[in-house]
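Step one of this worksheet: look at the structure below.
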Amino acid sequence: MQRETPVDLKPWFLTLNDVDETIHWEEFFGNNNPVELDVGCGRGLFTVTASEEQPEINYLGIEIDFREGRRGARRLKKRETPNARILGGDVNIVFNKHIADASVDAIHVYFPDPWWKRKHHHRRLFTDLFTNTCAAKLKPGGLLHHWTDVADYFKAVEGLMDYHKLFDKLAAPIERDPQHDMDYQTSFERKKRQGGETIYRGLWQRKK
């Protein structure tokens, strides 16, 4: 039985082969509006919702799992969203090879893989190298958002960020009651909060 031809999701879903060595945002989005990155965007709930609520901001979701990324891209295609895209690939490669320094207004990192086993902690996204890279990619005054449901991971991230010479800690957003079933930052947040679990939130600003 012949497989069904995949739906062409371009330009809403792209791979690293589809983008320039360094992404030029004005060419990529067709405007010079602010750009925010959704790292590990998964099914794209934040990318989809934020791009609808803030059409004056461009959003790029980055997702290593192509199947999950395409799910988000289908939502964008259905809405014909002009200011959001999802890029399939490893965030470290994307940051190091494709994102220019001081070109991004905000980086969102929601519920990254905690790599539970201690021997795997070195695989966690937040490291000295990653935080330094975020500092390089953010514009002065840019924001770094991090949410997780894992207390020890959050403490580890705070340990990296609170004492970073290029970031200032800001007041974290206050948890609010959802107005409907999709009124969450991400699908993972919805799952955890509906299960009664605590969400830890952090916000830092790149020094000006």
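Of note:
- Residues located in the stretch 27-49, provided they are outside any loop (DSSP other than H, G, I, E, B) and either modelled with pLDDT of 95 or more or aromatic (F, W, Y) (or both): E27, F28, F29, V35, E36, L37, D38, V39, F46, T47, V48
- Looking across the stretch 61-70, the residues that are surrounded by 24 or more Cβ atoms within 10 Å (Cβ to Cβ) and not in a helix (DSSP H, G or I) come down to G61, I62, E63.
- Looking only at the stretch 123-150, and only at residues there that are surrounded by fewer than 17 Cβ atoms within 10 Å (Cβ to Cβ) and either at pLDDT below 95 or of a type in the set (S, T, N, Q) (or both), the one that is farthest from S103 (Cα to Cα): R123
- Residues that are of a type in the set (S, T, Y) and in a loop (DSSP other than H, G, I, E, B) within the stretch 75-128 comprise T81, S103, T127, listed in sequence order.
- Qualifying residue in the stretch 98-108 (condition: under 22 Å from H146 (Cα atoms), buried (at least 20 other Cβ atoms within 10 Å of the Cβ) and among the polar types (S, T, N, Q)): no
- The selection criterion, being crowded, with 20+ Cβ neighbours inside 10 Å and under 17 Å from the mean Cα position of the chain (by Cα), does not hold for I93.
- Looking only at residues in the stretch 151-165 that are within 14 Å of F111 (Cβ to Cβ) and hydrophobic (A, V, I, L, M, F, W, C), the one that is surrounded by the fewest Cβ atoms within 10 Å (Cβ to Cβ) is A151.
- Among residues of the stretch 167-184, those that are buried (at least 16 other Cβ atoms within 10 Å of the Cβ) and at pLDDT 70 or above, counted: 1
- When the stretch 122-138 is filtered for residues that are in contact (Cβ under 8 Å) with a residue 12 or more places away in the chain and either within 24 Å of G44 (Cβ to Cβ) or more than 17 Å from the chain's Cα centre (by Cα) (or both), the ones remaining, listed by number, are R124, L125, F126, D128, F130, T133, C134, K137, L138.
- Here the stretch 12-59 is the region considered, the condition is being hydroxyl-bearing (S, T, Y) and within 17 Å of V109 (Cβ to Cβ), and the residue that is surrounded by the most Cβ atoms within 10 Å (Cβ to Cβ) is T47.
- Any pair with Cβ under 6 angstrom, 6 or more apart, that starts in the stretch 185-201 at a residue that is modelled with pLDDT of 75 or more and ends at one that is surrounded by fewer than 19 Cβ atoms within 10 Å (Cβ to Cβ): E197/D149; I199/D149; R201/A172; R201/P173
- Residue list for the stretch 50-60, restricted to those being part of a helix (DSSP H, G or I) and charged (D, E, K, R): E52, E53
The values are calculated or read from the model by the stated rules, or taken from the named source; none is laboratory data. Everything numeric in this text was worked out from a predicted model, so none of it was measured. Cβ: placed from backbone, ideal geometry, glycine included. Neighbour counts: every protein chain shown.
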